[in-house]
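What follows is a single structure, written as structure tokens, with notes after it.
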Amino acid sequence: MATISKLTSPIGGTSYSSGRRTKSSSSRSSRWLCLMNSKSSVSSSSSLFSSLPTSRLANFPILVKCSQSGGNGIPVKRTTLHELYDKEGQSPWYDNLCRPVTDLLPLIAAGVRGVTSNPAIFQKAISSSDAYNDQFRELIKSGKDIEAAYWELVIKDIQDASKLFEPIYDETNAGDGYVSVEVSPTLADDTQGTVEAAKWLHKVVSRPNVYIKIPATAPCIPSIKETIANGISVNVTLIFSLTRYEAVIDAYLDGLEASGLSDLSRVTSVASFFVSRVDSLIDKMLEKIGTPEALDLRGKAAVAQAALAYQLYKKKFSGSRWEALVKKGAKKQRLLWASTSVKNPAYPDTLYVDPLIGNETVSTMPDQALQAFIDHGTVSRTIDRNVSEAEGIYSALEKLGIDWNQVGSQLEEEGVDSFKKSFNSLLLTLKEKADALNLVSL
């Protein structure tokens, strides 16, 4: 899990422009060991920590920049993650999951409000740890095949993690505190197979604060509608373009309307809009073009498109159609910024977090991005600070021949293929693990 320690000094806010961070060793901010021992933004944090021995808590080297504020006379240590949610309405989530899930407790205390997972995350977690061996051994001995055993391992992690976030889910009336689990990536082109997989996962996980992740591929757009219509909350993943994002919103709205439910307050969704991968691809295109104008746009495409996605979000979740759903308790499908770690070391390490802060959004961060933002992130509403600049960047890229839909399609295909490879690699690893543990070869 995250190891947040000895990070670089804070810097100022980030604009759409990219550039290398200037580091300074002077006047470093004080840091606090932020493990909530009394009161926190999660009122039942004490109960969360009760299951974790004090000796374990002492071993978490989470050094974070904090401020102190009073609450009934008792000091409360707060991090930039708390400020992000309390001041700007953005929920910080953690993009990682492995055993022991109790490693999440210090992160929850530091302000993390949800968790996302994917096949690549579980491939790394299960293949690099022996924490799964005992359960895996018993599953195989009980007659489970390799893939069935895989899902049992995943489901246990999801159930255990969701339990830790239930206080947040309850306090926000199903608004936050979610853990996400993805359907098999082999179903990305299978509309009905995805629906059935979503129903199955929802049933076997049996936790109210779990999102079933469904990719935003063209065949799965109808799957999203049907899954929502069945009253199942969904995290729509692998969104790379505005066109596909609008289709995702429509699928959510269509699903709510088709559900026939009189109370829609517990059927929620997030739309995971991927960021850094957009720059990784478009930067290569710009370098190939090679003109000064093209080179000057490197590192700006992803944030600009995300800013326009937020404008689309505000437009779609307003008006008479949406208001009719609100009367039944419907909640907006929040934008979730995914792929927030910086791939290009020349760019600021909070490039895909600082400029995308806005109300009613989620930012899911892997270790690198989470560490950077806690240490020197800037808490300020930025997502719609300069919409005209974002529109100008988007248009300038089009004029240079960048086809946004083509970019989205390529990244979607690459994303699905990557998850399929992780999934298949993990099944092979489990087969080898079964052999190494002297289990029956399957």
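When the range 248-273 is filtered for residues that are within 26 Å of ILE357 (Cβ to Cβ), touching a strand residue (DSSP E or B) at 6+ places or on another chain (Cβ under 9 Å) and among the hydrophobic types (A, V, I, L, M, F, W, C), the ones remaining, listed by number, are VAL248, ILE249, VAL270, ALA271, PHE273. Answer with yes or no whether ASP157 is farther than 22 Å from ALA330 by Cβ and outside any loop (DSSP other than H, G, I, E, B). So ASP157 passes the test. Residue check: TYR352 meets all listed conditions (1) in a loop (DSSP other than H, G, I, E, B); (2) open to solvent by 10 Å² or more (accessible area, probe 1.4 Å); (3) touching a helix residue (DSSP H, G or I) at 6+ places or on another chain (Cβ under 9 Å) but one, namely (2).
Kindly establish whether SER418 is open to solvent by 40 Å² or more (accessible area, probe 1.4 Å), within 19 Å of the chain's Cα centre (by Cα) and more than 25 Å from SER91 (Cα to Cα). Criteria met by SER418. Identify, please: which residue in the range 172-199 is hydrophobic (A, V, I, L, M, F, W, C) and out of contact with any Gly (no Cβ under 8 Å at 6 or more places or on another chain) and is, among those, surrounded by the most Cβ atoms within 10 Å (Cβ to Cβ)? Here the residue is VAL181.
The lone criterion from (1) at pLDDT 95 or above; (2) surrounded by 14 or more Cβ atoms within 10 Å (Cβ to Cβ); (3) of a type outside the set (Ser, Thr, Tyr); (4) over 27 Å from ASP354 (Cα atoms) left unmet by ALA109 is number (4).
Could you grab me the full set of residues in the range 80-111 that are hydroxyl-bearing (Ser, Thr, Tyr) and part of a helix (DSSP H, G or I)? Full working, then the answer.
Keep residues of the range 80-111 that are hydroxyl-bearing (Ser, Thr, Tyr), which gives 80, 85, 91, 94, 102.
Listed by number, the residues that qualify are THR80, TYR85, THR102.
The set of residues in the range 200-238 being under 20 Å from GLU152 (Cβ atoms) and surrounded by fewer than 16 Cβ atoms within 10 Å (Cβ to Cβ) consists of TRP200, LYS203, VAL204, SER206. Selection within the range 422-442: residues that are more than 17 Å from VAL154 (Cβ to Cβ) and in a helix (DSSP H, G or I). The member of this set that is modelled with the lowest pLDDT is ALA436.
Checking each residue in the range 159-189 for being without any contact (Cβ under 8 Å) to a residue 60 or more places away in the chain, touching a helix residue (DSSP H, G or I) at 6+ places or on another chain (Cβ under 9 Å) and not aromatic (Phe, Trp, Tyr) picks out GLN159, ASP160, SER162, LYS163, VAL183, LEU187, ASP189. Take the residues of the range 112-135 that are open to solvent by less than 10 Å² (accessible area, probe 1.4 Å) and not in a helix (DSSP H, G or I): which is farthest from ILE212 (Cα to Cα)? Step by step, filter the range 112-135, then rank; the result is TYR132. Among all residues of the range 371-386, there is at least one that is within 17 Å of the chain's Cα centre (by Cα) and open to solvent by 20 Å² or more (accessible area, probe 1.4 Å). Looking at SER162, is it hydroxyl-bearing (Ser, Thr, Tyr) and assigned to a loop (DSSP other than H, G, I, E, B)? Criteria not met by SER162.
The values are calculated or read from the model by the stated rules, or taken from the named source; none is laboratory data. In this text, all values refer to a predicted model and were calculated from it rather than measured experimentally. FYI the Cβ positions are ideal-geometry reconstructions off the backbone, even for glycines, and counts take in every protein chain you see. The area values use the complete protein model at the heavy-atom level, side chains included, leaving out ligands, DNA and RNA. Shrake-Rupley method; radii C 1.70, N 1.55, O 1.52, S 1.80 Å.
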